[in-house]
1. Between the range 643-672 and the range 146-220, how many Å separate their Cα centres?
2. Quick one: which of 395-403, 32-40, 203-211 comes out on top by average Cβ neighbours within 10 Å, and what's the full order, highest first?
3. Considering the dipole of the range 668-725 built from charges on the beta carbon (Lys and Arg +1, Asp and Glu -1) around the Cα centre, which of 682, 715, 700 is farthest to its positive end?
4. Here are a few candidate values for percent of Cα pairs over 32 Å apart: (1) 68; (2) 60; (3) 55. Which one was actually calculated from the structure I just gave you?
5. Restricting to Cα pairs below 8 Å that are 6+ residues apart, what does the relative contact order work out to for the chain? Please round to a whole percent.
6. Need one word for the range 38-99: rounded, prolate or oblate. Basis is the Cα gyration tensor (sqrt eigenvalues a ≥ b ≥ c); a/c below 1.5 gives rounded, then a/b vs b/c decides.
7. For residue 606 and residue 27, what does the FRET efficiency come to when R0 = 56 Å and r is the distance between their Cβ atoms, rounded to the nearest 0.05?
8. Explain nothing, just the number: dipole magnitude of the range 608-723 about its Cα centre with +1 on each Lys and Arg Cβ and -1 on each Asp and Glu Cβ, in debye rounded to the nearest 20.
Amino acid sequence: MCRTLRFLADGAARFDDRALPGGGWELTLWPGKPHPLGATWDREGTNFALFTENAEGVELCLFDEDGRELRHMLTERTGFIWHGYMPGIGPGQRYGYRVHGPYVPARAQRFNPAKLMIDPYARSIEGPVRYELARTFPFAAGDDEQVTDPGDDAAAIPKCVVIDPGFDWEGDRQLETPWSETVIYELHVRGFSLRNPAVRDDLRGTYAGLASEEAVAYLRSLGVTAVELLPVHHCADEEFLHEHGLTNYWGYSSIGYLAPHAPHAAAARAEDQVREFKGMVKALHRGGIEVILDVVYNHTAEGNERGPLLSFRGIDDAAYYRLDPADPGRYVDVTGTGNSLDVSHPDVLRLVMDSLRYWVSDCHVDGFRFDLAPALARDPHDFDRGSAFFDLIRQDPVLAGVKLIAEPWDLGPGGYQLGNFPGHWREWNGAYRDTMRDFWRGHAGLAAFATRFTGSSDLFGATGRHPTASINFVTAHDGFTLVDLVSYERKHNEANLLDNRDGGDDNRSWNLGVEGPTDDVEITARRDRQRRNFLTTLLLSQGVPMLLGGDELSRTQGGNNNAWCQDNETSWLDWNLDDRARAHLAFTRRLIELRRSQPVFRRTNFLADGKTDTRLPEAWWFRPDGRKLAQADWQSEARALGVFLNGEEIGERSPRGEPVVGDSFVLLVNAGDGAITFTLPPPRFGRRWRLELATADPDIPAAVLPAGATVEVEALAMVLLQRES
């Protein structure tokens, strides 16, 4: 049976008989079960279950397509879960909750049944919060939050929707691409395809658009192996954005942890959004592309304690949020958003774990990147590598094998935890980003460059981890794009309407002489070279590279380093490429293919000291004159070095137990402001060397050079040579 509620002209409620003719059903509420949480359809009806520890009553509210409401008080309570079963209700039924209890803000009790609550376990949520239609705050207008607001806000709140979870996966499963072979591409579902003329008009900017043959073919041709999607949990805009005509484009304001963000769906019916999301995952998997979700379990869209009642706060404020022990009516904020989810609470932790398992088991995603991850492991206040959150993930058979990536910092005390996550986690390496930006603008030395280039053993080696623990990146959604990194030294965030106060000031960028766009041919050429330097550094470094979507297309945000609220051409990828952009795209593809084909650039173990079976070291660092770098050289102010990378001594085995062997290379690096002549290593390292690429001139013809030959490397440039014999 598949029926939804409708109201007749006389006001009586009946079931829509679209799926089952005859009618005649009465609206009956049976006791139901406390598990699973959320709305679960079993083909006979739907079970509703909601956790709230401190509420005194819960009303299940059903809505027809015109917004008319029918309320049923849930009378069954098992533990702290209120539940009921309604026979005949099925996919497409719209619903929400009204939660009764005391309103005492000083004790974190903010119940107000006049406000409709979104189910934290909803699998589908209709759309945005319509702040203009009703007041969503629990207290009356004004500064006194002790006075409750009696106004009904159902018109403003998006309705949850019962879904049919069925989907034909056709044998699809997670891809399990090894970390050493992974190249991550960070993208925004809407911004990626919205302006892509190759994608069908009605699919652009949607899950279906990302699933299109054209989109998948592009990702395959680029060579990336995984997409890391900016948040796709259903989110809600902050009210002040709505007042200024802006939206939370990035989506770091979750309100539904088991529902895909509705506006990203092309499907007209809310119940079809989940099916469209699953189709996207299946299509990407067919193309060999893994799907990693950027997830935001550290805070919600409800803001600080004076924010709106949308879901968690109105269901059980004291259970869901971290409270100030000295003043329980106020929140502890380690996220910079006004609130922090209290993952140390067992039922909040269960929500996080149920959400993760749902996206893996039901939606087949391959992994997660955890925003402000230390906030999830504060037990209760300090970061703890042995927290319940880490323990549960490690023991969970569904999650133990998926990709887990931490953003290893939050804004609380002791919040910077780079290198301190458990061994099976990977971490966004902010030190890599900062060092490489500094190196290519003359603010970091050779030793710092070499440490990051070889996988950051100082951060990950001591605890038995590997280079692949490091997610290397130069740019990400948060900050300048690659074009802007070499074009701006100051942020230009005026469009965010915060007087340019938002966004970081520590950009570590260099405009090479002019702020912003320029017609100067020499500056433009140097900027293009710097972009090639950054990409070459990134894709030849040990670790897992992450490319910001659009950097390969020469995307600019006009100097905005915090475009979180710019759902416009500032953020959307521009697929109309000029000759310079097409050349940069070709260079990016060339680098990714080089990395894919050569195991020496994607080792799983840190470089070892000493001789090997071939009597050559795994890596040998040398000065421009061809001599080995001495200790004093590492500490000097020199801006150039070379390195021999031994492809015959990788010291690893394939899944079939065969030795992993590849080609050997010499990389010449000049971050100085003048050309430098390098002498190639002596014959024992290789008798003949073929020029593979030069960032100063990507179209330079191939040449073969003997051992000991000299190579001039221009200022701010890299040269890569491959051993022929």
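A short reminder: the numbers here are calculations on the coordinates, not readings from a lab. Fair warning: this is a prediction, and the values are worked out from it, not measured in the lab. Don't worry about glycine lacking a Cβ; one is built from the backbone with ideal geometry, like all the others, and counts go over all protein chains shown.
1. 38
2. Values: 395-403: 14.8, 32-40: 18.3, 203-211: 24.2.
Packing order, densest peptide first, comes out as 203-211, 32-40, 395-403.
3. 682
4. So the calculated entry is the one marked (3).
5. Working: 1711 pairs, mean separation 67.5, N = 725.
Computed value for the chain: 9 percent relative contact order.
6. Numbers: a/c = 2.44, a/b = 1.38, b/c = 1.77.
Taking the square roots of the gyration eigenvalues as a ≥ b ≥ c, the range 38-99 is oblate.
7. Values: r = 65 Å, r/R0 = 1.16.
Once rounded, the FRET efficiency stands at 0.30.
8. Numbers: 13 positive and 17 negative charges, 101 e Å.
The dipole of the range 608-723 has a size of about 480 debye.
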